[in-house]
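The values are calculated or read from the model by the stated rules, or taken from the named source; none is laboratory data. As the structure is a computational prediction, the values presented were derived from the model and not from experiment. Here the Cβ is made from the backbone with ideal geometry for all residues, glycine too, and neighbour counts use every protein chain on show. Just the protein is used for accessible areas: all its heavy atoms, side chains included, with ligands, DNA and RNA removed. Shrake-Rupley method; radii C 1.70, N 1.55, O 1.52, S 1.80 Å.
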Amino acid sequence: GAGESFLQWRLLPKLAKLQRELSKARIVLLNRRSEDIATGLLSGELEFGVLPPDEVPASLEFTALAPVEFQVFVPRSLRVEGKEDQPDWPLYLPLVLLEGGGATFEALTIQAAQNGLKLNVIVECSSHLQAAEVVRQGLAAAVLPAEAHTFLAADNVELHSLACLRKATRRIALTWNDHLIRTRPVLGEAVRALARVLT
């Protein structure tokens, strides 16, 4: 169990390697919210999950994975000539953002205000995959997990780092229920394989 963007951009590109590591396993990928992942791990419905470390229940085990870092994905058709010398120039572009705010929205809003700008949000959506599609169509720039570059063609989209987005970096962890490992030792091998592939 994991969030959709993690499954899409970090796990699926490594699926062939994971299948080689777990050649006798059937891999089931489930898009779940954090609270549902924690509940599923506690009940035994899920064998593994990806959660922020501070949301892992005390009775579960976890190992840290590489954090999720964010960058601005800019369609080349939207480049603003003459502003590239300004480090925050992507803030001048039309943007697609996730509904409901969040850490990336807050970081962008604060930085824009410090620059005397108001963000030009032209699309709000409910997932990073939807935002990536808006970028792919060349309609707006978006803040996406850096791994999204696997989905977006490099000849049509540029990636830009903004200092303000460092605050939005998310720590994540591979999480499991040690009780299941003790009763099914093969899952211990799977934990080690997942950690090798996903870190």
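Please determine, by comparing only the residues of the range 139-176 that are β-branched (Val, Ile, Thr) and modelled with pLDDT of 90 or more, which one is farthest from residue 92 (Cα to Cα).
Residue satisfying both the conditions and the ranking: 175.
Could you list, in sequence order, all residues of the range 44-58 that are open to solvent by 80 Å² or more (accessible area, probe 1.4 Å) and over 19 Å from the mean Cα position of the chain (by Cα)?
Once the filter is applied, which keeps residues that are open to solvent by 80 Å² or more (accessible area, probe 1.4 Å) and over 19 Å from the mean Cα position of the chain (by Cα), the range 44-58 yields 45, 58.
Can you say whether residue 6 is open to solvent by less than 60 Å² (accessible area, probe 1.4 Å), aromatic (Phe, Trp, Tyr), out of contact with any Lys or Arg (no Cβ under 8 Å at 6 or more places or on another chain) and not in a helix (DSSP H, G or I), as far as the supplied structure shows?
no
Can you pull out the residues in the range 21-59 that are in a helix (DSSP H, G or I) and in contact with a helix residue (DSSP H, G or I) (Cβ under 9 Å, 6 or more places away or on another chain)?
Matches in the range 21-59: 21, 34, 35, 37, 38, 41, 55.
Pairs only if they're at least six apart or on different chains, beta carbon under 7 angstrom, first in the range 142-160 and in a loop (DSSP other than H, G, I, E, B), second surrounded by 14 or more Cβ atoms within 10 Å (Cβ to Cβ) and of a type outside the set (A, V, I, L, M, F, W, C); list them, first residue then second.
Every condition considered, the pairs that remain are 152/136; 156/75.
Does the range 168-175 include one or more residues that are hydrophobic (A, V, I, L, M, F, W, C), in contact with a Phe, Trp or Tyr (Cβ under 8 Å, 6 or more places away or on another chain) and in a loop (DSSP other than H, G, I, E, B)?
no
When the range 60-97 is examined, which residues are found to be part of a loop (DSSP other than H, G, I, E, B) and either under 17 Å from the mean Cα position of the chain (by Cα) or at pLDDT 95 or above (or both)?
Scanning the range 60-97 gives 60, 69.
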